[in-house]
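In what follows, a single structure is set out as structure tokens and then discussed.
The values are calculated or read from the model by the stated rules, or taken from the named source; none is laboratory data. All of these numbers come straight from a predicted model, not from anything done at the bench. FYI the Cβ positions are ideal-geometry reconstructions off the backbone, even for glycines, and counts take in every protein chain you see.
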């Protein structure tokens with residue numbers, strides 16, 4: 001099957017995709033995806049856009065292991081991970097609903113996925129908390145933070161996993177425009193410094209355009225369009241995450 | 001009917017019911033004054049019954065939760081073949097008349113005895129008419145009740161949070177220990193109180209399986225039964241009052257903790 005996003009000019013075709021959906025279908029009644037194939041090359045930023053109910057979130061949840069597809073498969077670095085449990089997929093996922101653990105404080109949430117708690121990790125925690133503007137919240141309970149703060153904590157928790165693939169589902173929707181710009185700039189730097197592959201889901205394409213290498217449009221569970229090479233200059237890449 | 005009349009009818013019903021329950025529970029305290037109650041409850045025989053009840057019900061509750069926590073979690077989260085049948089089987093001891101549960105326990109021993117050609121009788125596993133047998137009799141009701149309460153507690157933990165934990169690299173065991181268990185803590189504690197309260201009030205299975213032997217198997221309900229049977233009314237009243245107080249404390253604790261336990265209490 002032909003992959004719509006497989007024409008990246010940068011990565012040789014022989015390189016295994018950081019993530020690839022191959023003909024994935026899933027029907028949950030209200031939401032469904034049908035025969036969706038998307039390839040994400042290493043270091044690539046792919047935006048999935050579409051209206052509410054287009055199936056964007058389902059796609060991410062299938063990749064992260066929250067849902068099992070009805071048919072098709074998901075490849076990670078060339079390995080079929082369709083039936084792997086979530087803990088073995090090595091994918092950092094920031095869901096739309098944050099899914100912070102309400103019985104833990106902010107710091108424990110941020111460090112939940114980190115096994116070793118050495119000095120380097122603590123420095124990284126401090127650095128990420130500073131960059132995301134949540135350093136003052138570390139001792140706070142989850143029920144005492146705002147929606148925007150929760151989104152930033154969920155993002156920080158995913159980044160602290162130090163993985164090379166990040167899935168973002170409307171992860172800044174509750175932020176004001178200025179904070180969104182700051183987070184976008186921070187993610188652009190993270191991506192460059194760690195050769196991070198990013199799949200970002202958003203319902204509005206304006207902000208997404210500025211960071212994405214590939215924009216994939218979905219409608220009613222199907223892939224309807226993909227656009228490559230949309231990133232034009234480093235300046236334009238900064239900010240504007242959707 | 002006007003709003004005022006409608007409300008009056010309902011509030012009168014509520015008042016009558018509260019008055020009735022309050023009076024019949026309070027009768028034990030009205031019959032004997034506090035001095036007599038305290039005097040009877042501090043007698044050696046009563047203290048022995050109290051300690052025996054507290055000890056056996058605590059052990060039975062502990063054992064019930066050791067088995068019920070994994071069982072309830074498995075039933076709540078995993079697709080287990082025959083789950084509906086297992087659910088029904090585990091609920092049966094709760095709805096059975098307690099005497100029948102005790103009788104079934106006795107019959108189990110009879111069947112085992114027959115299978116082992118009489119090798120069970122008098123051995124360390126023969127718990128009939130013994131104090132460990134009281135724990136077993138309490139356990140027969142406590143464990144299924146604990147499974148029922150815990151299932152409700154685990155079901156209140158959003159499954160997506162558990163999947164998120166696993167997505168962050170935690171396996172099933174760590175997810176259970178770090179997410180499921182602490183997040184259902186209140187439900188578990190409320191369940192422990194409820195199961196303990198039920199165990200300490202258990203009568204039927206103990207009477208059938210362990211008998212009513214003064215100084216040996218006379219937990220509080222058995223002691224009350226013996227007291228009334230032998231015309232020792234004051235002793236029976238005092239021990240009944242104690243059980244009412246313990247029940248009240250248990251319900252207050254469960255309500256304070258909230259969760260499914262509170263709804264069942």
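Screening segment A:38-62 for residues that are within 22 Å of residue A:184 (Cβ to Cβ) and within 14 Å of chain B (Cβ to nearest Cβ) and picking the one that is surrounded by the most Cβ atoms within 10 Å (Cβ to Cβ) gives A:60.
Picking from residues in segment A:91-102 that are in a loop (DSSP other than H, G, I, E, B) and more than 8 Å from every other protein chain (Cβ to nearest Cβ), the one that is surrounded by the fewest Cβ atoms within 10 Å (Cβ to Cβ) is A:96.
Hey, can you tell me all the residues within segment A:1-25 that are in contact with a helix residue (DSSP H, G or I) (Cβ under 8 Å, 6 or more places away or on another chain) and either closer than 28 Å to residue A:189 by Cα or at pLDDT below 95 (or both)? Matches in segment A:1-25: A:19, A:21.
For segment A:103-115, which positions are more than 9 Å from chain B (Cβ to nearest Cβ) and under 19 Å from the mean Cα position of the chain (by Cα)?
Correct list: A:109, A:110, A:111.
Checked against (1) surrounded by fewer than 18 Cβ atoms within 10 Å (Cβ to Cβ); (2) out of contact with any helix residue (DSSP H, G or I) (no Cβ under 9 Å at 6 or more places or on another chain), residue A:85 passes all but condition (2). If you check residue A:113 against the conditions, is it surrounded by 19 or more Cβ atoms within 10 Å (Cβ to Cβ), in contact with a helix residue (DSSP H, G or I) (Cβ under 8 Å, 6 or more places away or on another chain) and either without any contact (Cβ under 8 Å) to a residue 60 or more places away in the chain or not in a strand (DSSP E or B) (or both)? For residue A:113, the condition - surrounded by 19 or more Cβ atoms within 10 Å (Cβ to Cβ), in contact with a helix residue (DSSP H, G or I) (Cβ under 8 Å, 6 or more places away or on another chain) and either without any contact (Cβ under 8 Å) to a residue 60 or more places away in the chain or not in a strand (DSSP E or B) (or both) - is met. With respect to residue B:67, is the statement that it is assigned to a helix (DSSP H, G or I) and either touching a strand residue (DSSP E or B) at 6+ places or on another chain (Cβ under 8 Å) or closer than 29 Å to residue B:238 by Cα (or both) true? When the stated conditions are applied, residue B:67 does not pass them.
Report whether or not residue B:191 is touching a helix residue (DSSP H, G or I) at 6+ places or on another chain (Cβ under 7 Å), at pLDDT below 95, within 14 Å of chain A (Cβ to nearest Cβ) and surrounded by 20 or more Cβ atoms within 10 Å (Cβ to Cβ). Against the criterion (touching a helix residue (DSSP H, G or I) at 6+ places or on another chain (Cβ under 7 Å), at pLDDT below 95, within 14 Å of chain A (Cβ to nearest Cβ) and surrounded by 20 or more Cβ atoms within 10 Å (Cβ to Cβ)), residue B:191 does not qualify.
Evaluating residue A:142 against the criteria (1) buried (at least 17 other Cβ atoms within 10 Å of the Cβ); (2) within 14 Å of another protein chain (Cβ to nearest Cβ); (3) within 14 Å of the chain's Cα centre (by Cα) leaves one unmet condition, (3). Residues of segment B:88-126 being under 17 Å from residue B:144 (Cα atoms), surrounded by 14 or more Cβ atoms within 10 Å (Cβ to Cβ) and out of contact with any helix residue (DSSP H, G or I) (no Cβ under 6 Å at 6 or more places or on another chain), which ones? Passing the criteria: B:91, B:96, B:100, B:104.
Listed conditions (1) in contact (Cβ under 8 Å) with a residue 12 or more places away in the chain; (2) assigned to a helix (DSSP H, G or I) are all met by residue A:174, apart from (2).
All conditions but one from (1) farther than 19 Å from residue B:191 by Cα; (2) assigned to a helix (DSSP H, G or I); (3) more than 20 Å from the chain's Cα centre (by Cα) apply to residue B:74; the one that does not is (1). Being within 14 Å of chain A (Cβ to nearest Cβ) and in contact (Cβ under 8 Å) with a residue 24 or more places away in the chain is not true of residue B:202. Suppose the filter is part of a helix (DSSP H, G or I) and in contact with a helix residue (DSSP H, G or I) (Cβ under 6 Å, 6 or more places away or on another chain); does residue B:40 pass it? So residue B:40 fits the description; yes. For segment A:68-84, the criterion of a residue being facing another protein chain (nearest Cβ under 9 Å), part of a loop (DSSP other than H, G, I, E, B) and modelled with pLDDT of 95 or more is satisfied by no position.
Okay, residues lined up against (1) within 14 Å of another protein chain (Cβ to nearest Cβ); (2) at pLDDT 95 or above; (3) in a helix (DSSP H, G or I); (4) within 21 Å of residue B:55 (Cα to Cα):
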{"site": "B:108", "(1), (2), (3), (4)": "no, no, yes, no"}
{"site": "B:111", "(1), (2), (3), (4)": "no, no, yes, no"}
{"site": "B:121", "(1), (2), (3), (4)": "no, no, no, no"}
{"site": "B:128", "(1), (2), (3), (4)": "no, no, no, yes"}
{"site": "B:137", "(1), (2), (3), (4)": "no, yes, yes, yes"}
{"site": "B:144", "(1), (2), (3), (4)": "no, yes, yes, yes"}
{"site": "B:150", "(1), (2), (3), (4)": "no, yes, yes, no"}
{"site": "B:176", "(1), (2), (3), (4)": "yes, yes, yes, no"}
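Sub-7 Å Cβ pairs linking a first residue in segment B:155-170 that is more than 7 Å from every other protein chain (Cβ to nearest Cβ) to a second residue that is surrounded by fewer than 16 Cβ atoms within 10 Å (Cβ to Cβ) and assigned to a loop (DSSP other than H, G, I, E, B), at least 6 apart or interchain, number zero.
For residue A:135, the requirement of being closer than 28 Å to residue A:53 by Cα, surrounded by fewer than 21 Cβ atoms within 10 Å (Cβ to Cβ), touching a helix residue (DSSP H, G or I) at 6+ places or on another chain (Cβ under 6 Å) and more than 9 Å from chain B (Cβ to nearest Cβ) is not met.
Which one of these is surrounded by fewer than 18 Cβ atoms within 10 Å (Cβ to Cβ) and either without any contact (Cβ under 8 Å) to a residue 40 or more places away in the chain or under 30 Å from residue B:174 (Cβ atoms) (or both): B:36, B:83? Matching residue, one of B:36, B:83: B:83.
Which one of the conditions (1) closer than 17 Å to residue A:31 by Cα; (2) not in a loop (DSSP other than H, G, I, E, B) does residue A:51 fail to meet, given that it meets all the rest? Of everything listed in (1) closer than 17 Å to residue A:31 by Cα; (2) not in a loop (DSSP other than H, G, I, E, B), residue A:51 misses just condition (2).
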